[in-house]
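Please read the structure below before turning to the comments.
The values are calculated or read from the model by the stated rules, or taken from the named source; none is laboratory data. Computed from a predicted structure; not experimentally measured. FYI the Cβ positions are ideal-geometry reconstructions off the backbone, even for glycines, and counts take in every protein chain you see.
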Amino acid sequence: MKKTISNILNVFMPILLAFLIGAIIMIAIGENPIEVYGILIEKSLLDQKGLLKTIHTASPLILTALAIAISFKANIFNMGVEGQMLLGGFFAGVIGFTFEGLNPVIHITLSIIVGVTVGILFALIPAILKAKFKVNELVVTLMLNYAALEFVRFLAEGPFRDHSSGYVSTPMISESSMFKRLFESEITLFTIIVLIVFVIMYFVFKKTKLGYEIEAIGKNRDFSEATGMNVGKKIIIIFIISGALSGLAGAGHMMSDQMRFTMSFSGNPGLGWDGMLISLLGMHSPLGIIVAAVFYSALITGSESIAVFTSVPREIILIIQSLIILFLSIKMISKNAKAVAILEKITNKILRKDNKGVKK
C-alpha cells in the first residue's frame, strides 16, 4: 500500500507543480487560472463532442506509449518509436493512395499490415545490433529516428509528391482505405482496434510468461541469463512487438486522421515522443497508460478552447508539458541516468531546441 501511494504521488506531484506554475503565468497575464483550467476540463472531458475528440486524439498515443512501455520494462530503451511510427504511417499511406476500387475491408487490412510490417522491420535493426553485438540501443534508435525522418522527407518531396496540393505532401489516400467516422464524431474504427490491442497487451504484461520474462530482464538481465533465459531472443521479440505497435499507430493515424503524409504528420513534438511522456506518467503500466493518454489528449483538445475563450495562448499547454517532463526528470535523476537522458531528449523536442551542446 505504501509503495502504491508513493508511486501515485510520484506521478501526480510533477503534474500539480506544472499546473501551479502554469497558474502563476496566467495570473501574470491577467487571467483567472481556475476559469482557464475549468474551460480546459469542460471542453475536453465534460462536453460530449470534446470527450470523443479527446479519445480520438488519445488512440495513437496509447499505442506509442505501449510500444515504449514494453521496452522500458525490460530496461531496454527503444527510442526509435517516432521513426517506426513515421515509416509505418507513410507506407500505409502509400498503399492507401496507390490502389483504388478495392473492397474497403481488404484495403484497410492491407494498409495496416504494411504499416505494422514496416514498423517491425525498422525496429529489427537496433534489435539485432543489441542482441547479437551488444550495441547501445539508445544511441542507435535515436539516430535512426533522424534517418527515418529524412527518408520520408525525400519520398514526400520526390517520388510520391502530390504537386497539385501546393505544399509538400503525398496524394490523399483512397476513400476505401479510410476509417469511417462513428457516432457523428471524430471517433473511428481505429479507436476500437486500439482498445482491442490494449486488452491484448494488458494480458501480455500481466498474465503471460513473456510478461514475466520482460519484467525479470528489466530487474536483472545477468540473473535472467544465468537461469537459462535466452535474453538475446527476448530482446528481439520485445523490439518486434514495440515496432508493430509503433507501425500500427502510424497507420491508424494516417487512415483515421491525416489522410495524407505531410511533414507535420506526427505533430509537435511527435506521437513517438508524446508516447514516451505518457508511458512515464503511466509508470509503464497498461492501465496507467490509458489514464495518462486521456489526460494528455485532454490537454491538447482543451488548449484549442483556451485560445478561443480566454486571452491565454494555447502554447501554455506546451509550457505545462515541458514542466511535467522537467519535474519527472528531477524525480528520476538519482534513479536512472539513462532515463534522464531520455527525458532531456523529449524536452528538447517539445521546446524545439537543438540538443548540441546541452549538458546532462
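Tallying residues that are touching a residue at least 12 places away in the same chain (Cβ under 8 Å) and more than 18 Å from HIS284 (Cα to Cα) within region 203-233 yields 5. Looking at PHE91, PHE99, just one residue is aromatic (Phe, Trp, Tyr) and surrounded by 18 or more Cβ atoms within 10 Å (Cβ to Cβ), and that residue is PHE91.
Taking every residue in region 101-121 that is assigned to a helix (DSSP H, G or I) and pairing it with any residue that is aromatic (Phe, Trp, Tyr), at least 6 positions away or on another chain, the pairs with Cβ-Cβ distances below 6 Å are VAL114/PHE91; VAL118/PHE91. Cβ separations smaller than 8 Å between residues 6+ apart or across chains give the following pairs from region 281-300 residues that are touching a residue at least 60 places away in the same chain (Cβ under 8 Å) to residues that are basic (Lys, Arg) and not in a helix (DSSP H, G or I): HIS284/LYS73.
Report, by residue number, each residue of region 222-266 that is closer than 30 Å to ASP162 by Cα and of a type in the set (Lys, Arg). Within region 222-266, ARG260 is the sole residue that qualifies. With the structure loaded, tell me whether ALA74 is within 17 Å of ILE238 (Cβ to Cβ) and in a helix (DSSP H, G or I) or whether it fails that test. For ALA74, the condition - within 17 Å of ILE238 (Cβ to Cβ) and in a helix (DSSP H, G or I) - is not met. Taken together, ILE346, ILE350, ILE325, ILE319 contain a single residue that is within 23 Å of LYS53 (Cα to Cα), β-branched (Val, Ile, Thr) and at pLDDT below 85, which is ILE350.
The rows are residues; the columns are (1) modelled with pLDDT under 95; (2) out of contact with any Leu (no Cβ under 7 Å at 6 or more places or on another chain).
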residue: ALA18; (1), (2): yes, no
residue: ASP47; (1), (2): yes, yes
residue: GLY50; (1), (2): yes, yes
residue: LEU63; (1), (2): no, no
residue: VAL114; (1), (2): no, yes
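With (1) over 13 Å from ILE62 (Cα atoms); (2) surrounded by fewer than 15 Cβ atoms within 10 Å (Cβ to Cβ) as the list, and VAL199 as the residue in question, which single condition is left unmet? The one condition VAL199 does not meet is (1). Looking for something buried (at least 16 other Cβ atoms within 10 Å of the Cβ) and in contact with a Pro (Cβ under 8 Å, 6 or more places away or on another chain) - is there at least one such residue anywhere in region 214-222? So far as region 214-222 goes, no, none of its residues is buried (at least 16 other Cβ atoms within 10 Å of the Cβ) and in contact with a Pro (Cβ under 8 Å, 6 or more places away or on another chain).
Only a single criterion out of (1) modelled with pLDDT under 95; (2) in contact with a Lys or Arg (Cβ under 8 Å, 6 or more places away or on another chain) is not satisfied by PRO171, namely (1).
Taking the listed residues LEU86, LEU40, the one that is surrounded by 24 or more Cβ atoms within 10 Å (Cβ to Cβ) and within 21 Å of ILE319 (Cα to Cα) is LEU40, with no other qualifying.
Residues in region 164-179 that are in a loop (DSSP other than H, G, I, E, B) and within 22 Å of PHE91 (Cβ to Cβ): TYR167, VAL168, THR170, PRO171, MET172, ILE173, SER174, MET178, PHE179. Evaluating GLY93 against the criteria (1) at pLDDT 95 or above; (2) over 21 Å from GLY270 (Cα atoms) leaves one unmet condition, (2). Of all residues being part of a helix (DSSP H, G or I), of a type outside the set (A, V, I, L, M, F, W, C) and more than 18 Å from the chain's Cα centre (by Cα) in region 131-146, which is surrounded by the most Cβ atoms within 10 Å (Cβ to Cβ)? Just the residue, please. Within region 131-146, the match that is surrounded by the most Cβ atoms within 10 Å (Cβ to Cβ) is GLU137.
When each of ILE200, ILE193, ILE128 is tested for being under 19 Å from ILE237 (Cβ atoms), aliphatic (A, V, I, L, M) and within 19 Å of the chain's Cα centre (by Cα), the lone residue that passes is ILE200.
Listed by first and then second residue, the pairs linking a residue in region 17-36 that is under 16 Å from PRO313 (Cβ atoms) to a residue that is small (Gly, Ala, Ser), with Cβ atoms under 6 Å apart and 6 or more places separating them unless they lie on different chains, are PRO33/ALA23. Whether a residue is crowded, with 19+ Cβ neighbours inside 10 Å, in contact (Cβ under 8 Å) with a residue 60 or more places away in the chain, closer than 15 Å to ALA67 by Cβ and not acidic (Asp, Glu) was assessed, and ILE173 does not pass this test.
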